[in-house]
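Structure record follows, encoded as structure tokens.
The values are calculated or read from the model by the stated rules, or taken from the named source; none is laboratory data. All of these numbers come straight from a predicted model, not from anything done at the bench. Reconstructed Cβ throughout: ideal geometry from the backbone, glycine too, with neighbour counts over all protein chains shown.
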């Protein structure tokens, strides 16, 4: 069970880091938008667990 949680956490971290890298290059999203996008990534992964 812990390996599954670790895998899900790593997936979330990867998605967030990819989003951050992309935004550093493009400056497409402001801080508020980035916060909302990160929240959405976390919520989607949590929903998949339940």
Inset, instruction - State whether the residues of the stretch 33-46 include one that is surrounded by 11 or more Cβ atoms within 10 Å (Cβ to Cβ), over 11 Å from the mean Cα position of the chain (by Cα) and at pLDDT 90 or above. - result: yes
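Give the residues of the stretch 1-23 that are assigned to a helix (DSSP H, G or I), loosely packed, with under 11 Cβ neighbours inside 10 Å and modelled with pLDDT under 95, sorted by residue number.
2, 3, 4, 5, 6, 7, 10
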